Amino acid sequence: MKHKIPNEGCVREMGANHMSPYIERMHNPPNEAKGFTRWWWYGAAVTKEEVRRELAYMKEAGLGGVELQITYPLQADSEEQGIRNRFYYSPEFFEMLDYTLLTAEEMGLFVDLTLCSGWPFGGPFVPYDMAPEILIPYQIDVMGPSEYSQDFTTILPGTPCKIVMGQFENGVLLADTLKDITHLLEETSLHGWPWGHGLNRVSIPEGHWKIYVFITNLYKQQVGIPAPGMEGYAIDHCRKDVSDFYFANFGDPLVERIGEGRIRSFFCDSIELGGNNWTSILPEQFLLRRGYDLTPYMPALWGDIGELTADIRYDYYKTFSELTVENFFRNFTDWCHSRGAKSRIQAHGTWGDILQAYAAADFPEGETFGPNDKYEVNTVHRRLASSAGHVYGRNVITNETFTWLRVPRFIETLEMMKAAVDAVFLDGMNQIVNHGYSYSPESAGKPGWAFYASSFISHNNTWWEYYALLSSYIHTVSAFLQVGDSYSEVAIYLPQADVWSSMPMAELHMAMKLEEHIGKSLVNRVHKSGYGFDFLNDEAITSLSRMTGEGLEIGANRYKVMILPHVNRLPLETALKLLDYVQAGGILIAVTDRPRHVPGYLGREANNRSLGLIMDDLFAGETGSWKNVGDGKTITVGDEVELVTRLREAEAPDVQIESLESKAEDSAAQSIGYVHRIQEDVHIYFLSNVSNQAHNARIRFKYGTKAAAVLDPMTRETIRRIRLANDSASMELAFEPYQSVIVVFDEALEEDAGVLDTGALPVLGQATRHIDITESWKLRIPEVKFEQHLTSLQTWEQFEETKYYCGSAYYEKNVDIPALQPGERIWLNLEGVHEVAEVFVNGRSAGALWKAPRRLDLTDWLNEGDNALSIKVVNVWINHFLSPELQKPQPEGPLTEQWPYFTEKIKQIRDRRLHTQKEREQVKAPLPAGLSGKAMLSIHNLLRLI
């Protein structure tokens, strides 16, 4: 059954002659705001019939498009099952891709494409010398005076590229003794053929010396889990010649074959380059960009050379950052534009300036990884991406959502997904990418093929017919979160210099190290105290902003407060701009200490003296006390608790959320978050309760006007038009579990309708009567021809015949309804629903219960007297995989006639991904399936206001 999506007919309490453009947007959100899905093609083993069928499912569910990702095969070729794995870029592959693009266009769906198979970028055409490099340091201790010789052939697994020696005292290499001895490296040979390298008769002065031999590792990264024909080396992301080569050899033939403009955007997945810490062009580029030769100082990348260590490491990583941002990320987008497409980039995983990397894309993309169906700031995978969008003017910020939402798989529910989506929205993202949808032929049966790291969001899931309800909600919220501009008044400086300066050469994951340095607790305290914020890098402060009397202006944002979280190293240019910022009226708060050092080797002493003078101007005085500097002020605080206290002294929260109940004082603020956007003089707020608890809260809006509308993005109803009577834009809102609202402050809203001084959200009044319908039901499962009379509600996994059953079941009974008094409403309340329940009254669907509270208004469906009540319930797939009858197919032998010929690879895929061995190990008994607990009909008076 296709479930009706809310539409423009759902309007209450609005004047008949007035329709705000924002209310119109709720009823008719633009198609561009729809969520879309990653769509895995396993081994490109697809058929035209199945492609059309699955695209139709997606369109019907309200998805706006697909991101096509072609990856490893799940099963060997089988004529009987109609499975034929196709080599990437084969004629048959292009035939299927062309058909998919035609069909998607016919259905009004867009197509994005991952510009590789698997990840990271790479393939069989990538030569060895274009693959990512891993530099490994080897230390040799020698005592002088002496002569040292060593043949490294067959000893070191790679090619020596740099050799440096230096004297070692008290655990530190003496910087002024370091010298490059690479020129002493000699090539060895075997029967005239090049064989290896060695050092011969190196003179060692008196004392303890160390020789550092830096080798480029022999073994280089391969593309992970690719489709047939795409096995090969990954590419070096730091060299423009390499990325140009990749686009010319992989991207250009693709576009030339299918035509420009048919792919909306090309996608780059997260940067997962294991161990990558070097590129062959780094020494040359380092000299060009930093102004000195890195080679003598390379031991600082691994060991300690004294005070210079941090500055050398900073210069190394800054150079590494510039190379990857310029030569890969921006080059990728330039190539996309040259081929009539846009770019989407997940930048997390890179060592570079993380905001610059995200901002290189037309669509910066974050990711939700793990059980993130809760309200908290996710710096690593989300907040950095959204900050890049807000700072660099990228209005649409996508998010890969639901990756590993639950472990094991097949237990994720629509309720979990709704909470996860809201957490994504509260971090500033505004378009959802499902992770995801597995192509699965009908011959694979149920539940069919599934990706090993995703939530199972496809036509093969038990609750798929109800996914459209969540999809509609995502569409509506995204449409509002793409209006106008994001607005924040607080900025948190990214201490990237501290991260670079402290790290030895490594596969540096900048996003993770930033979260570790700043602290999860700090950013959560700031955000949950009512201060939306963006992260700013040095470029944002020095080049992208302008000073105004209202703070640091970037786009629509007015950063009145700047937080320096545990910042020790600050570029001099940034420090000078912050001095100007404070003198012009800005507020600067340093957490734990003021910055003490300018990063970088050249001019370090003079730069540090200059920084000291600037910091004296800004922070000289007692820690914990405000200091007036020009028209602004500064303070150093000891910890994050004091930070929030001082923040409240300096600037009122944008949105203040206060609990109206006897729970913990800030319980509402810990569960309810907000996003603020502005368009001209209109302020739009999205608020969401990301918890399974109801909260009554007073919401104070700093920039609310007197006229407002409260909108329900789930039902697309206007809950209430509000005309506030006083100057304070304050509302009392009752949030049900997992409820969200959109509040639009717009003076243009009609002023004579729905006047309400308190701004309270309507809630149910106390029930006047209850009818207990818990007892005497019939449980019917037609698919397995099972019927059982129940004395009270009972889940079906308790019966031996249906212990492992997954799918639909029906709970049925007749109920007698008394006459209702004028103004009374009758509601169904179900205590235990596992996991989605659709309620039918006298044969008509009254609605689906898929999240808390499991409550439904049945007034318009019930008649006085006898009524037939049927509740259709679907569970999740996990129980199916626990059945002892589920056999694990084994390959017939070590060699087959079909690709991949040797069956060990197929066996591994089956064991790890197809036959759910991990799920069987982690879940020992079937989960509840169906209805449990009490079922009540409650009769209420008209809605009251809290």
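Ordering 162-172, 450-460 by mean Cβ neighbour count within 10 Å, with the highest value first, yields 450-460, 162-172. Using a/c under 1.5 as the rounded threshold, could you call the stretch 487-650 rounded, prolate or oblate? The axes a ≥ b ≥ c are square roots of the C-alpha gyration tensor eigenvalues, and prolate needs a/b larger than b/c, oblate otherwise. Cα axes put the stretch 487-650 in the rounded bin.
On a 0 to 90 degree scale, rounded to 10, what angle separates helix 414-426 from the longest Cα axis of the chain? With rounding to tens, the tilt is 50 degrees.
Annotation for the stretch 785-827 versus the stretch 280-315: alpha-carbon center distance of 71 Å. Taking Cβ atoms as reference points and 10 Å as the exclusive limit, the residues near Ala620 contribute a net charge of -1, counting Lys and Arg as +1 and Asp and Glu as -1.
Going by average Cβ density within 10 Å per residue, which order do the peptides 518-525, 620-627 take, highest to lowest?
Highest to lowest by the protection proxy: 518-525, 620-627.
Using the Cα gyration tensor of the stretch 135-217, with a ≥ b ≥ c the square roots of its eigenvalues, what is the shape: rounded (a/c below 1.5), prolate (a/b larger than b/c) or oblate (neither)? Here the stretch 135-217 falls in the prolate category. In plain terms, the residue of Asp617, Asp427, Asp866 with the fewest other Cβ atoms within 10 Å comes first and the most crowded comes last, giving Asp866, Asp617, Asp427. The phi torsions of the stretch 223-228, fed into the Karplus equation with coefficients 6.51, -1.76 and 1.60 and a -60° offset, translate into couplings of 5, x, 5, x, 6, x Hz, rounded to whole numbers, with Gly and Pro shown as x. Among Met512, Met416, a tally of other beta-carbon atoms within 10 Å of each Cβ gives an order, fewest to most, of Met512, Met416.
Where [x] 61, 34, 23; [y] 53, 39, 24; [z] 53, 35, 26 are the candidate values, the label of the one calculated here for semi-axes √(5λ) of the Cα gyration tensor in Å is [y]. Taking label points 7 Å from Cα along the Cα-to-Cβ direction, Lys934 and Ala748 give a separation of 5.0 nm.
Secondary structure note: in the chain, about 75% of the DSSP beta bridges are antiparallel. Seen against the Cα atoms of the chain and their longest principal axis, helix 640-650 is set at about 70 degrees. For Lys59, list the aspartates and glutamates whose Cα falls under 13 Å from its own Cα; do not include residues on the same chain fewer than 8 positions away. In chain and number order, the partners are Glu105, Glu106, Glu465.
Using a ≥ b ≥ c from the Cα gyration tensor of the stretch 296-394 (square roots of the eigenvalues), is it rounded, prolate or oblate, where a/c under 1.5 gives rounded and otherwise the larger of a/b and b/c decides, a/b for prolate? Please list the in-between numbers first.
Details: a/c = 2.95, a/b = 1.44, b/c = 2.05.
Judged from the Cα gyration tensor, the stretch 296-394 comes out oblate (a/c at least 1.5, b/c at or above a/b).
Take the cross-link list Lys778/Lys934; Lys778/Lys872; Lys851/Lys924 and give me the ones stretching past 21 Å between alpha-carbons.
Details: Lys778/Lys934 15 Å; Lys778/Lys872 12 Å; Lys851/Lys924 26 Å.
Exceeds cut-off: Lys851/Lys924.
Ranked by the mean number of other Cβ atoms within 10 Å of their residues, highest first, the peptides 68-77, 918-927 fall in the order 68-77, 918-927.
Compute the helix-to-body angle for 604-619: its Cα long axis versus the longest principal axis of the chain, expressed 0 to 90° and rounded to tens. Compared with the principal axis, the helix lies near 40 degrees.
Report the far tail of the P(r) of the stretch 233-368, meaning the percent of Cα-Cα pairs longer than 18 Å.
Values: 5370 of 9180 pairs.
I get 58 percent for the Cα pairs in the stretch 233-368 exceeding 18 Å.
Looking at the stretch 487-650 alone, DSSP beta bridges between its own residues are antiparallel in about 35 percent of cases. Look at where the Cα atoms of the stretch 105-174 and of the stretch 357-436 average out, and the two centres are 32 Å apart. Based on DSSP H segments of at least four residues, each scored -39500 (n - 2.57), the chain has a per-residue ellipticity at 222 nm of -6500 deg cm²/dmol. For the residue pairs Lys418/Lys702; Lys34/Lys513; Lys240/Lys342; Lys560/Lys702, alpha carbon separations beyond 25 Å are given by Lys418/Lys702; Lys34/Lys513.
Bear in mind these aren't lab numbers, they're just calculated from the coordinates by the rules spelled out. Values in this document were obtained by computation on a predicted structure and should not be read as measured data. Virtual Cβ from ideal backbone geometry, glycine too; neighbours counted across all protein chains shown.
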